[in-house]
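The values are calculated or read from the model by the stated rules, or taken from the named source; none is laboratory data. Note that the structure is a prediction, hence the values are computed from the model and not measured. For neighbour counting, all protein chains shown are included, and Cβ atoms are generated from backbone atoms with ideal geometry for every residue, glycine included.
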């Protein structure tokens, strides 16, 4: 099917917001990166709002938006509710931090937000699991969206940790977490390609060979693999092993975020192109 | 239970496209969209053993439609008589139903901002008439009626056809449109 660009931006930005807040919540629980939390949470809120704005460009009738609550079993209804609740949790978190509430209160709010953000990151991928589209009908899709949100969120936190000059140990810990999550993402991408190769209702339009060596290969290898995975993996791995830091952490974080945004966009675009229906009557 | 549906005897279809034109005129279907279209399947095989048939494709008015399950607004719904419809006053144009349809027979109307598809001419059915594609079929290949009524014309024709009755691919949605094809290989589903 045609690439739905508003939804590409919606899932990228919402994933970034959910991922960023999830890691803000984790730092709250771990008692680390205190200076990063507030700007991290604010960035998450702005990203989710921008994602919400992007999504309305996909709709034919925005004025009827609250009709989406008529069927709560629908993936779109679940996404909308989770976005609202996660956004609310982030706002409450920012308020309790700004007003200087106790660590216990902050942790409770952060935990609620962490659970909601995790569910949201999964929900935006789960909506695409449809029996009608064999390339999408796999639990690997929500897993990919979840890992993508984690990577986007981690690089966002990484940027703020570098900007706010957190302790070196904290920056290194964020770098290590990002490196591990990128490696997990690479494994899930490989698993998804294997799924495409063995998926039911085989069709050249949605085949692994089209992705690996056909007309989609430049986007797959260039956009997703090299830019979206190998460059950020290489940067974080280099930062991890190098004794002398040649590149400042901020450069690693900014370049890494740009790369995973490009890679995430490439994956989502490929997903739409591969998402042909079982019977393509045309 | 009632399941209003259409059965098509593909051995009678001559591919004249009268049903396509009639559907467009009756339902004012926008340019580029085809609530009912006719595809040519084949020719397949090697001369002299070649075969070909025409396949009219429309909303399958599924028994367990995926489109109604995913529709967040309830605009896509299944009536008591089995016809799947879209309430255009409720639709927000999110196109999730079109993604969930296994057959690509839902169309987004850019001008109206809503999704549209074959209604089985519910406005005519409600007046006791038959869908316009059935009425205008030059080969008399379309049978219309209640699949759950064993005395209906559609049920009798399907009974007569026996093992020559086919459906398009079924992923749990149970398409209601039936295709009768004899002496040729069914190439869908």
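Structure data summary
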read-out	value
Subset of segment B:138-151 (residues that are over 21 Å from residue B:53 (Cα atoms) and either within 14 Å of chain A (Cβ to nearest Cβ) or surrounded by fewer than 18 Cβ atoms within 10 Å (Cβ to Cβ) (or both))	B:148, B:149, B:150, B:151
Within segment A:203-243, tally of residues that are touching a residue at least 24 places away in the same chain (Cβ under 8 Å) and outside any helix (DSSP H, G or I)	2
Failed criterion for residue B:73 (all others in (1) crowded, with 19+ Cβ neighbours inside 10 Å; (2) within 17 Å of the chain's Cα centre (by Cα) hold)	(2)
Strands (runs of 3 or more DSSP E) enclosed by segment B:26-113 - at least 3 residues per element that are free of Cβ contacts under 8 Å to residues at least 12 places away in the same chain	B:36-46
Failed condition for residue A:84, given (1) closer than 14 Å to residue A:52 by Cα; (2) touching a residue at least 40 places away in the same chain (Cβ under 8 Å)	(2)
Only one of A:99, A:88, A:30, A:69 that is within 14 Å of chain B (Cβ to nearest Cβ) and either on the phi < 0 side of the Ramachandran plot or touching a helix residue (DSSP H, G or I) at 6+ places or on another chain (Cβ under 7 Å) (or both)	A:69
The one condition in (1) buried (at least 22 other Cβ atoms within 10 Å of the Cβ); (2) modelled with pLDDT of 90 or more; (3) more than 14 Å from chain B (Cβ to nearest Cβ) that residue A:271 fails to fulfil	(3)
